[in-house]
Every structure is written in structure tokens, then in C-alpha cells.
Amino acid sequence: MMKKFLLLALTLFCMEAQIEAQSQRPKILVVYSSRGGNTRGIARQIHERAGGDLFEIECITPYSRNYNTCLDEALRDQRANARPALKTHVNNMAQYDIILLGYPNWWASIPAPIASFLEEYDLSGKTIIPFCSHGGGRFGQSLMAIAKLEPRAKIGEALSVSYSGGSSLPNDITAWLRRNGITAQ
Ligand SMILES: Cc1cc2nc3c(=O)[nH]c(=O)nc-3n(C[C@H](O)[C@H](O)[C@H](O)COP(=O)(O)O)c2cc1C
């Protein structure tokens, strides 16, 4: 009888300790924009390891599926400092501590929908950790553009990935998350 009671008490204690540890973990949002799918694939891999919630930024009017037309549209938006209207919105942004923010390098900076996203939410006091898929230009000016739009957020160490990434991507993601203080699940 006594043994059973002790076992039950121990089980309850362990469960409580586990709940306590989980509630102390920072709440993570993996958020991304992707036209061609490269950033989406990277975001999914990051989400698998980091946990938290996964969210795709989508525009009401998508960019063209034709690559050259999209290049023109993106350049037009960058020059006009445009803020395309977004179709998707995050519920209760206040609950998140860390925003893992993914985007493709567009004309050496962030795509305009990322600027729309950063202007929609006040991320003051949160940590933004950027990840950028590119075709050779790495981050371009994108990290400066993010810092300018969210001056009171902390910017973590960013990750640049060539297109969809190579065979080392899973290990690169795990090491990068660890350098940012996020332990893979
Ligand atoms: C409109 C547009 C502009 C781009 N500008 C650049 C650039 O300036 N530098 C660069 O390295 N890659 C550039 N790229 C290539 C993309 O960053 C690259 O293909 C990326 O993997 C696309 O990600 P996604 O599949 O998630 O859309 C551009 C692509 C597009 C569509």
C-alpha cells in the first residue's frame, strides 16, 4: 500500500516537473514567405527541430508564377516601398518569444510581403532570428532592412541557405539553432 502511494507521488512529481520545464521553454513561431518552395522546405525542417508553430505569410494578390514577370513585380514593389496586403494573419502574436523569420533574397533585400508582416506586428522585446534562401547573394541588405522595421527587437544570428540547401542542411540547422540557444527536439 505504502509502496503504491510512494510510486504515485513520484509519478505526479515527475509530471509536474515536466510541465514546469515546458512552460519555461520560450514560445517559438517559425514564419516564412516563399514563392518557389525553397524557403518553405527550409522552414519545415527548422520547425521539425525547433518546435513551436509554423506560419506562412501569403499575399492577397500573389506574385506571378512566371519568373521574369515576378522579377519585374518585385523590383517595382521594392522601388515603390510597397506593402502588399496580406491574406494570412498570426493569432495572438503576444504569446511568442522567438520569431524564426524565413524569406528568399529578393533584389538583395527582403521581399515586400516581409516588410508588410514586420509592419503589421510590434515585435519589440522579442528575438527575431532570420533565415534567408538565396541564389548567391546571401543576405544582401535584408538584415539591415529587418532591423530598421523592428528597431526594438533583438536580432539573433541569421542563417543563409543557397536555394533549397545541400546535404549538410539538417546539421547546419541543428548547429545554428544551438548557437541561438534553441535545443532541437
Ligand atoms: C524576384 C526575385 C528576386 C531575386 N533576387 C535575388 C537576389 O538579389 N540575390 C540572390 O542571391 N537571389 C535572388 N533571387 C533568387 C532567390 O532568392 C532564390 O531562388 C530563392 O531560393 C527563392 O526562394 P523560394 O523558392 O522560397 O521563393 C531572386 C528571386 C526572385 C524570384
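Per-residue answers, yes or no, for (1) in contact (Cβ under 8 Å) with a residue 60 or more places away in the chain; (2) among the hydrophobic types (A, V, I, L, M, F, W, C); (3) touching a strand residue (DSSP E or B) at 6+ places or on another chain (Cβ under 6 Å):
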{"site": "Ala115", "(1), (2), (3)": "no, yes, no"}
{"site": "Met144", "(1), (2), (3)": "no, yes, no"}
{"site": "Leu159", "(1), (2), (3)": "no, yes, yes"}
{"site": "Ile173", "(1), (2), (3)": "yes, yes, no"}
Suppose the filter is of a type in the set (Lys, Arg), in contact (Cβ under 8 Å) with a residue 12 or more places away in the chain and surrounded by 20 or more Cβ atoms within 10 Å (Cβ to Cβ); does Lys154 pass it?
no
Could you tell me which numbered condition Thr174 fails, if it satisfies all but one of (1) in a helix (DSSP H, G or I); (2) within 15 Å of the ligand (Cβ to nearest atom); (3) surrounded by fewer than 20 Cβ atoms within 10 Å (Cβ to Cβ)?
(2)
Which strands (runs of 3 or more DSSP E) does the range 59-171 wholly contain that include 1 or more residues that are near the ligand (Cβ under 10 Å from one of its atoms) and over 15 Å from the mean Cα position of the chain (by Cα)?
127-134, 159-162
Regarding Leu29, is this residue modelled with pLDDT of 95 or more and away from the ligand (no atom under 16 Å from the Cβ)?
yes
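The values are calculated or read from the model by the stated rules, or taken from the named source; none is laboratory data. Predicted model only: the values in this text are computed from it and were never measured. Every residue, glycine as well, gets a Cβ built from its backbone with ideal geometry; the counts of neighbours run over all protein chains shown.
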